[in-house]
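None of the figures in this text is laboratory data; all of them are computed from the coordinates on show. If you're wondering where the values come from, they're calculated on a predicted model, not measured in any experiment. Please note: Cβ atoms are built from the backbone with ideal geometry, for glycine as well, and neighbour counts cover all protein chains shown.
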Amino acid sequence: MIQSPDVHLHSIIKIEDVLWTVLKKEISGTGQTGKTIILKLRNLEDSSVAEKKFRAEEKIEDVDSETRKLSFLYKKDDEFVFMGQNNYEQYFIAEKSIGEKKIFLVENQEIEGLFVEEQLKSVKFPETITLKVITAPQGIKGSDKEIELELGIKIITPHFIEIDDEIIIDTEDFSYIERVTKKGFLQGGIPGSGKKDKDDDDSK
């Protein structure tokens, strides 16, 4: 057990026999009025997100976990199958545990797996990913529009985004971050130190 202020981002905690991973942590209040710890959590069982508040003096059960490198193999019924890169063992995880992020999984993709008591409980996606625009309607300056990316993802972007553009999106909420040039991202779709387009700056 640890004091609620000592909870760290990405750590695993247990609340009423349910495992959660910590997505965000905020502290409100002062020493006189009493501090409140606000945690944004993801349920490792069904991938749902919830916000929970704790008093500073409250204790929370922390859970030991281990991260291992995996390769995605395939989907079977309502489970995803991964292979350990070091031991070549196969690990199964329920589709609901991955949630909407399952759309980012492609065959042979390398990814980190989160294990609790030797069981695969979650997989860790990069915070951002670069994808190509497949369809994009003509935009009206100053307005947003819906476009479609590879993998079938549809998101809202600024008006200047066009077909074949490469854009960075947030994998947590599927939101647009910026457009990058081909020199601005690394092979494999994970953004590098790319430059923003001039249109991006002019649009603000």
Next on the checklist: Which of the three applies to segment 2-63, rounded, prolate or oblate, going by the alpha-carbon gyration tensor with a ≥ b ≥ c and a/c under 1.5 meaning rounded?
Outcome noted: prolate
Item to check | Where labels lie 7 Å past Cα in the beta-carbon direction, separation of residue 145 and residue 90 in nm | outcome: 4.5 nm
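Can you give the FRET efficiency to the nearest 0.05 for residue 18 and residue 153, using r as the Cβ-Cβ distance and R₀ = 35 Å?
Given R0 = 35 Å and the Cβ-Cβ separation, E is 0.75.
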Checklist entry - Order of 152-162, 105-115 by packing, highest average Cβ count within 10 Å first? => result 152-162, 105-115
Checklist outcome for this item: Surrounding charge for residue 6, neighbours by C-beta under 13 angstrom, Lys/Arg +1, Asp/Glu -1, total -1
Checklist entry - Hey, what's the per residue convex hull volume over the C-alpha atoms of segment 1-107, in cubic angstrom? => result 110 Å³
Next on the checklist: Going Cα to Cα from residue 76, which aspartates and glutamates come in below 14 Å? Please leave out same-chain ones fewer than 8 positions away.
Outcome noted: 95, 107
Checklist outcome for this item: Cβ-Cβ cut-off under 11 Å around residue 150, Lys and Arg +1, Asp and Glu -1: the net charge is -2
Checklist entry - Taking the alpha-carbon set of segment 66-124, what are its Rg and Dmax in Å? => result 10.2, 28
Next on the checklist: Just to confirm a number: summing +1 for Lys and Arg and -1 for Asp and Glu over residues other than residue 96 whose beta-carbon lies under 14 angstrom from that of residue 96, what do you get?
Outcome noted: -2
Checklist outcome for this item: Per-residue ellipticity at 222 nm attributable to helices in the chain (runs of n ≥ 4 DSSP H, -39500 (n - 2.57) apiece, nearest 500 deg cm²/dmol) works out to -500 deg cm²/dmol
Checklist entry - Roughly speaking, what is the centre-to-centre gap between segment 90-119 and segment 1-55 when only Cα atoms are used, to the nearest Å? => result 23 Å
